[in-house]
Structures are given as structure tokens and as C-alpha cells.
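Below is one structure, written out as C-alpha cells; comments come after it.
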Amino acid sequence: MPQPSYEYALGRISVLSTHLLTAAQLRRIAEASTTKEAMKLLLETGYGENVATEQEIALGEIDFIIRDQLQLTRKRIRELTPDAELTGLFLLPVDTHNLKALLKARLLGTSADDILRDGGNFDLSLLKDMVQTKYYEDLPPIYCKTLDQIEADLAREADPFRLSAQLDGALFRQAKEVLDRKKEKGFIREYFSLWADYQNTISLIRAQNLHWELSQLRLVLVECGEIPLTVFEESLDVPPEQLGARLNRGSHGAELVQAINEFAQTNELAVIPKRMKEALNLILRRAKWDTHSLGPIVGYLEARETEAEALRMIFGAIQGGFEPQLPDVYA
């Protein structure tokens, strides 16, 4: 169960953080000539705590080890945190992914087991039963209402894009409800508001590129940001080079403008998600030193997620026969 003591939680996190892979260890793994050699080097670091020897893992199943380590990390976070509800906001993407996967698998008549993620707020077996029975009363009211609406929509027409957008919207509404109710004004509020504003900017530009109607844009806009949704709606016909002036609002307006201007110059939409990720990581890096907040706990969770991303990049590159590129945080 969650711990009431910040001191205990931060002490445990301090110890657990010593087991994170260093940049030097990752570079050594990346220099391996084969997947087998890279796997051996990885297991020698102690990564994949439930794996005794490399012989227990079939060649190429690095994703199994990564998923197992992340599951253990999320379990520890839930047990250690003094505030399960606020910390749980950072696990909502896991729950949202699982719900999307289960719903789409049901539509296709297949199994989603291979892509489900352990360690979210909601038990996987419970989610499976809910999706099969279409009964969601045990979920938070926001998710329950959203899923009931999705089921009503699916009864008329199967639209995977729409159900994905509806669940994304539920994630941010849930975050906003918790942040407002708990009067959170620190780094967690800053994190989700920045994420929402950047996500809405990305959706707006995609809507322009795909010549969407306003109703389509409204479907993918999410709450919790500092920029009113009406600003995005009214900017549907605004050229990219003028978007910055329209969206320069809130505490991160200047950063968002820089990202939009970079897109306008390059026409590469990927630059905005990249700048968003950099900005979100910066918020967590600053917060992890604040021992009077959940910053160190959330920072450890994010560090494990970044570590997993780096490992997937390394093993994918080795298997594909090209040079691995580590995330910028390990530069």
C-alpha cells in the first residue's frame, strides 16, 4: 500500500536510482556486435531483476525483459508513493493504452495480450473483464462515462480513431479533475498543462494538413492546458507562420512559439513532439531535486521509461545492422 512518509519513499528511491543504467553502460551495450553479446552485457548490469541468466530468455526477446522491468518499477512506485492519486496520473498512459488495445482487439476478434502493459492504475484482468462485459462502473467516473459513450458509438459504427481520441480526452480530463480537486499547483500541474497545450498544437497542425472540419478537430482537443480550446478552434484556418502569435499564451508560450516557428521553417511536424518531450523532461529533471514533493519519485519512474526507450533503440539498431543512437539525455 502507499507509504505515508516522504522520507521513507525518497530513501528507497535514492537506493533504487543507483541501479539505473549509466550512459557508459548503455554505450558499451550499444557497441556490441551481436544481439546475444548485447543481451549478455545488459544482464551483467543487473537489469531485468527477475531474469537469472541469459539462457532463460530466447534470443531477440529483449522487449520481454524491458516490459518486466517497467512492470516492477511501476509496482514499486505505487507501493512507495505518499500520494497514490497524484503519482497515478503518470500511469494513466498505461491504462489508456491498455483500454485502446483491448477495445480494438475485441472489434477485430483477436487477443491484445502481446501488447498490453502491466503496472497501470487499473488491474489488467479487471480491464479485460470490463471490456468483454462492457461494464465499467468500477473505473473512475470520467473513464466510466467515456467508455459508456464509446460503447454506444461502437453499437452504431466501429471507428478506432474516434475511440482512441475519446480515451485520450479521458486521460486529460481525469488529470485535470485530480489536479483541481487536490489543488495541485506544482510541477505535476505544470507537466500536464504543458503536455495538453503541445498536444493540442500538434492536433491543430495535423487537422490543417488533413483539411479537417472543425468537428473533427474538436474531437481530438484535450483539456488541462493553459490555452483555451476555443483558441485552437479559431486557429484552424491560420497559416503556420502566424500560429505562434495566436498560441503565445500561458507560462510556456514562448517555448511553444519556438517549436511552431521551427515547424513553419522546416515543415517537419516531428519537431513539435520532440520539443514537447524535451520540455516535459526538463520539468521532471528540475522537480527530482525537490525532496518536499513527488519529484524524485516521478523522476525515477521517468528515468526508467527513458532507459527502456534507449534499450529498445539499441537492440533495434543492432538487429537492423545500423549504428545505435541514444536519446539526448545520455549524451
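The values are calculated or read from the model by the stated rules, or taken from the named source; none is laboratory data. Keep in mind the model is a prediction, meaning the values are calculated, not measured. Neighbour counts run over all protein chains shown; Cβ positions are idealised from the backbone, glycine included. Areas reflect the complete protein model, heavy atoms only, side chains present, ligands, DNA and RNA absent. Shrake-Rupley method; radii C 1.70, N 1.55, O 1.52, S 1.80 Å.
Overview of results
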| read-out | value |
| --- | --- |
| Contact order relative to length of the chain, as percent, for alpha carbon pairs under 8 angstrom and 6 or more apart | 19 percent |
| Cβ-derived FRET efficiency at R0 30 Å, Arg218 paired with Ser125, nearest 0.05 | 0.30 |
| Kirkwood-type radius of the chain, with distances r between different C-alpha atoms, in Å | 21.6 Å |
| In sequence order, calculated HN-Hα J values of the range 205-214 (Karplus, 6.51, -1.76, 1.60; Hz; x Gly/Pro) | 5, 4, 4, 5, 5, 9, 6, 6, 7, 4 |
| Estimated vicinal HN-Hα couplings, Hz - the range 19-26 in sequence order (Karplus 6.51, -1.76, 1.60; Gly, Pro = x) | 9, 5, 5, 8, 4, 5, 5, 5 |
| Theoretical gain in end-to-end length, Met313 to Arg286 [0.36 nm per residue, Cα-Cα removed] | 7.2 nm |
| Accessible surface of the chain, 1.4 Å probe, proportion on carbon and sulfur as whole % | 51 percent |
| Packing-based ranking, highest mean first, of 127-133, 255-261 given that Cβ atoms within 10 Å are counted | 255-261, 127-133 |
| Where the range 201-331 is the region considered: accessible area per residue in Å², 1.4 Å probe | 52 Å² |
| Alpha carbon centroid spacing (whole Å) that separates the range 280-309 from the range 136-152 | 31 Å |
| Cleavage-rule hits (GluC sites (Glu not before Pro)) in the range 100-181: DSSP loop, at most 12 neighbouring Cβ within 10 angstrom | Glu137, Glu157 |
| Projected label distance in nm at Cys144 and Phe322, using a 7 Å step from Cα toward the beta-carbon | 4.8 nm |
